[in-house]
Amino acid sequence: MASSTPFSGPFPSPFPGPSPDQHPNLTDSYFLRSKAVVEQHGDIDVTYAVFMRRPVLSAPAMAIGWLEAMMAHRQMSVDINLCHPEGSWVGAGQPICYITGALSGLVDLETVFLQRIGAACVAAYNAHAMCSSLPKVSFLAMDARHCAGTDMAELMAYGASVGSKVAQRDDQALGFIGSSTDHTAHFFGATSGRGTMPHALIGYAGSTLDAAKLYRKTFPDQPLTVLIDYFGNEVTDALAVATEFSDMAAAGELSLRLDTHGGRYCEGLDVQASYAVLDRNKPQSIRAYRTDSELKSLIGTGVSAAAAWHLREQLDKHGFDKVKIVCSSGFGPEKCRVFALADAPVDLIGSGSFLPNQWSETYATADIIAYGDVSRVKKGREFLIP
């Protein structure tokens with residue numbers, strides 16, 4: 001098998017993952033015991049096949065980078081045959097890569113290696129689907145608050161960046177333009193996190209308009225994105241903010257963010273009004289939905305396609321046609337596909353919903369398929385032998 005040494009991407013710490021000192025406490029104990037047996041009774045070169053049980057996009061850099069760093073620390077060689085390069089589609093059961101090296105050096109690395117490859121590949125797949133569905137919409141990675149620690153946040157941001165780059169290359173999509181945190185911004189080619197105000201700032205200010213004024217006074221040179229759903233007066237507050245900042249609105253430097261609670265309709269909408277606004281703007285979308293959840297994304301409560309069209313209509317009616325609309329709240333692959341059906345007038349989507357929805361889908365597996373020159377694999381996994 002041909003050797004392929006992959007990535008030297010911008011990892012946020014000197015060691016790309018758990019350090020050699022941390023690692024023994026993080027790996028499965030039976031791997032440590034297997035290592036001891038092999039070291040006492042004779043080492044052998046082995047080849048692992050790494051695969052997943054569902055289709056994904058290959059996003060192996062953070063796993064392979066860590067593995068190579070660990071093997072270099074141990075002063076041991078490793079040969080990696082990357083069957084599916086970063087960003088390529090991988091079918092269920094297809095090996096992403098083959099890894100060859102001494103069993104004593106590799107056996108106890110499996111646990112952390114698999115942690116660092118599976119979830120990133122699923123995140124890449126989801127992010128690609130989102131960006132491809134809405135190629136004219138920019139995305140902001142807002143997954144940090146949903147991640148179980150910074151290590152997971154790095155893996156998810158990396159995965160999203162891989163999926164985004166594929167959509168940018170193949171579909172001319174705008175894709176992900178940044179992250180909500182400084183820590184993961186580099187994955188998207190940025191130097192710092194993006195974002196203006198949470199609901200907490202509006203509650204502090206006492207009104208949406210006052211929060212916008214405070215933000216502008218504090219950050220006079222930054223673009224302004226204003227949340228407009230805190231008080232349930234999305235249209236009223238949107239128009240008040242656009243009127244106050246009319247110069248920014250006219251220059252296309254003002255954005256308004258819909259994050260309406262899923263238990264109520266956007267101001268001015270109900271079921272009938274939601275149907276009506278889509279009928280005026282994209283009537284075929286109502287006939288294209290397939291499930292109840294898709295229908296909710298079209299005309300339901302919360303941030304629906306109808307809500308985006310309703311806000312666009314009201315802004316345009318009052319002369320604010322250059323004000324941008326930002327949406328957030330549950331924008332995974334399905335919701336993005338529905339918004340594409342409705343050609344929803346959205347400029348940017350903030351989302352952490354590229355995170356795997358079912359964690360069991362992220363489980364990666366590594367099986368040894370050769371011991372020295374002898375092909376040998378667990379019964380039922382013969383399909384892994386090339």
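The values are calculated or read from the model by the stated rules, or taken from the named source; none is laboratory data. Predicted, not measured: the structure shown is a model, and the values here were computed from it. With ideal geometry, Cβ positions are generated from the backbone for all residues, glycine too; neighbour counts draw on all protein chains shown.
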I'd like to check which helices (runs of 4 or more DSSP H) are fully inside segment 15-121 and have at least 1 residues that are surrounded by 22 or more Cβ atoms within 10 Å (Cβ to Cβ).
61-73, 103-106, 110-115
Gly193 is checked against (1) out of contact with any Phe, Trp or Tyr (no Cβ under 6 Å at 6 or more places or on another chain); (2) assigned to a helix (DSSP H, G or I); (3) within 26 Å of Asp143 (Cα to Cα) and fails just one. What number does that condition carry?
(2)
Report, by residue number, each residue of segment 63-95 that is touching a residue at least 40 places away in the same chain (Cβ under 8 Å), closer than 14 Å to Phe51 by Cβ and within 25 Å of the chain's Cα centre (by Cα).
Ala63, Leu82, Ala92, Gly93, Gln94, Pro95
With respect to Gly175, is the statement that it is over 18 Å from Ala144 (Cβ atoms), within 13 Å of the chain's Cα centre (by Cα) and not hydroxyl-bearing (Ser, Thr, Tyr) true?
yes
Under the condition of being over 13 Å from His310 (Cα atoms) and within 28 Å of the chain's Cα centre (by Cα), which residue from segment 261-285 is surrounded by the fewest Cβ atoms within 10 Å (Cβ to Cβ)?
Gly263
Is it the case, given these coordinates, that Ala148 is in a loop (DSSP other than H, G, I, E, B) and at pLDDT below 95?
yes
Might you let me know whether segment 339-355 holds any residue that is farther than 28 Å from Ala157 by Cβ, aromatic (Phe, Trp, Tyr) and outside the structural domain of Arg116 (by TED's automatic domain parsing)?
no
Conditions first: (1) among the aliphatic types (A, V, I, L, M); (2) buried (at least 23 other Cβ atoms within 10 Å of the Cβ); (3) farther than 30 Å from Lys317 by Cα. Met152 passes all but one, so which condition is the exception?
(2)
Lone unmet requirement of (1) touching a Leu at 6+ places or on another chain (Cβ under 8 Å); (2) modelled with pLDDT under 95 for Gln222:
(1)
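Residues are listed down the side, and each one gets a yes or a no for (1) at pLDDT below 95; (2) under 29 Å from the mean Cα position of the chain (by Cα); (3) on the phi > 0 side of the Ramachandran plot:
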position: Gly252; (1), (2), (3): no, yes, yes
position: Arg290; (1), (2), (3): yes, yes, no
position: Arg312; (1), (2), (3): no, yes, no
position: Gly319; (1), (2), (3): no, no, yes
position: Cys336; (1), (2), (3): no, yes, no
position: Ala340; (1), (2), (3): no, yes, no
Within segment 145-190, how many residues are under 14 Å from Gly350 (Cα atoms), touching a residue at least 40 places away in the same chain (Cβ under 8 Å) and polar (S, T, N, Q)?
1
Filter pass, Asp373 being over 22 Å from the mean Cα position of the chain (by Cα), assigned by TED's automatic domain parsing to the domain that holds Pro55, on the phi < 0 side of the Ramachandran plot and free of Cβ contacts under 8 Å to residues at least 12 places away in the same chain
yes
